[in-house]
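Peer 1: Below is one structure. I have some questions about it.
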Amino acid sequence: MALASAPPFAPLAQPPLELELEHLRLPWDLRLTPDQFERVCQANPDAVLELDADGHLIAMTPTGGETSSRNGEILYQMRCFTRRHADWRMFDSSGGFRLPDGSVLSPDASLVREDRWQALSPAERRTFPPLCPDLVVELASNSDAGPRGVTSLRRKMGLYQANGTRLGWLLLSEQRVVEIWRGGQEGMAERLENATRLNGGELAPGLELELEEIWAV
């Protein structure tokens, strides 16, 4: 799930009294704290939302069938890894993380070291965990429009990077391209054309994504 390139509820020339997110109607200038955002999500379980660092809600849209199927393959391969390596925990796109900058974001897939997870209190684990995942994966939609497009996802990868993620993979399935975003750097570090395999390197030895299985969906 991804951040829009501009605040989604920026004032319009003639701002409406309220904006509608599926069955959820909200004032355009509404800003929420992470705790308030969690209550909104609990009250509207069918709404797909994220929160940017300024407190603006980001309304997401459901993915198409191909993107959803490809994401399922990513999760399957990452789950195979965590079953063999108990020092890692996997999360899917429904899990939100409260990042240090106050935003609440949900990667399409992510990994967190088990010791970092265990360091959280039971209450923190039940809510949006207050940490940035060690590894994040985002899968771009075929169109660049909206929060799932490449432009918005690159901005989101930069936010993960700034908030402490150690490795990020942005997958552009139509082009068979992977962009590598590394922690401690600014911006994309590497672009792999016609990539067929990814590995976790020193961060997650043994982690491999067979991209041909993902591209073929």
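The values are calculated or read from the model by the stated rules, or taken from the named source; none is laboratory data. From a predicted model like this one, the values you see are computed outputs, not experimental measurements. All Cβ positions, glycine included, derive from the backbone under ideal geometry; neighbour counts span all protein chains shown.
Peer 1: Could you list, in sequence order, the residues of segment 176-190 that are surrounded by 13 or more Cβ atoms within 10 Å (Cβ to Cβ) and either among the charged types (D, E, K, R) or over 21 Å from ARG113 (Cα atoms) (or both)? Reasoning before the result, please.
Peer 2: Looking only at segment 176-190, we keep the residues that are surrounded by 13 or more Cβ atoms within 10 Å (Cβ to Cβ), and these are 176-183, 188-189.
Result: ARG176, VAL177, VAL178, GLU179, ARG182, MET188, ALA189.
Peer 1: Right, next: May I ask you to verify whether ARG89 is modelled with pLDDT of 95 or more, over 22 Å from ASN44 (Cβ atoms) and part of a helix (DSSP H, G or I)? Before you say what the answer is, go through the steps one by one.
Peer 2: Numbers: modelled with pLDDT of 95 or more: yes; over 22 Å from ASN44 (Cβ atoms): yes; part of a helix (DSSP H, G or I): no.
Criteria not met by ARG89.
Peer 1: Tell me which strands (runs of 3 or more DSSP E) are completely within segment 118-217 and hold 2 or more residues being modelled with pLDDT of 95 or more and either more than 16 Å from the chain's Cα centre (by Cα) or on the phi > 0 side of the Ramachandran plot (or both), or say none if there are none.
Peer 2: Per the criteria, 190-193, 197-200, 204-210.
Peer 1: So which residues in segment 104-116 are more than 14 Å from CYS41 (Cβ to Cβ) and either under 18 Å from the mean Cα position of the chain (by Cα) or among the basic types (Lys, Arg) (or both)?
Peer 2: If we filter segment 104-116 for residues that are more than 14 Å from CYS41 (Cβ to Cβ), which is where we start, we get 107-116.
The answer is PRO107, ASP108, ALA109, SER110, LEU111, VAL112, ARG113, ARG116.
Peer 1: If you scan segment 90-129, which residues turn out to be crowded, with 18+ Cβ neighbours inside 10 Å, within 27 Å of ARG197 (Cβ to Cβ) and of a type outside the set (A, V, I, L, M, F, W, C)?
Peer 2: Once the filter is applied, which keeps residues that are crowded, with 18+ Cβ neighbours inside 10 Å, within 27 Å of ARG197 (Cβ to Cβ) and of a type outside the set (A, V, I, L, M, F, W, C), segment 90-129 yields SER93, SER106, PRO107, ASP108, SER110, ARG113.
Peer 1: Something else now. Looking at SER143, is it under 25 Å from LEU49 (Cβ atoms), exposed (fewer than 15 other Cβ atoms within 10 Å of the Cβ) and polar (S, T, N, Q)?
Peer 2: Numbers: under 25 Å from LEU49 (Cβ atoms): yes; exposed (fewer than 15 other Cβ atoms within 10 Å of the Cβ): yes; polar (S, T, N, Q): yes.
So SER143 fits the description; yes.
Peer 1: Is there a residue in segment 194-201 that is surrounded by 22 or more Cβ atoms within 10 Å (Cβ to Cβ), farther than 20 Å from CYS41 by Cβ and polar (S, T, N, Q)? Steps first, please.
Peer 2: Applying the first criterion (surrounded by 22 or more Cβ atoms within 10 Å (Cβ to Cβ)) to segment 194-201 yields none.
No, that holds for no residue.
Peer 1: Also, quick follow-up: Which number in (1) in contact (Cβ under 8 Å) with a residue 40 or more places away in the chain; (2) in contact with an Asp or Glu (Cβ under 8 Å, 6 or more places away or on another chain) marks the one condition that THR165 misses?
Peer 2: (1)
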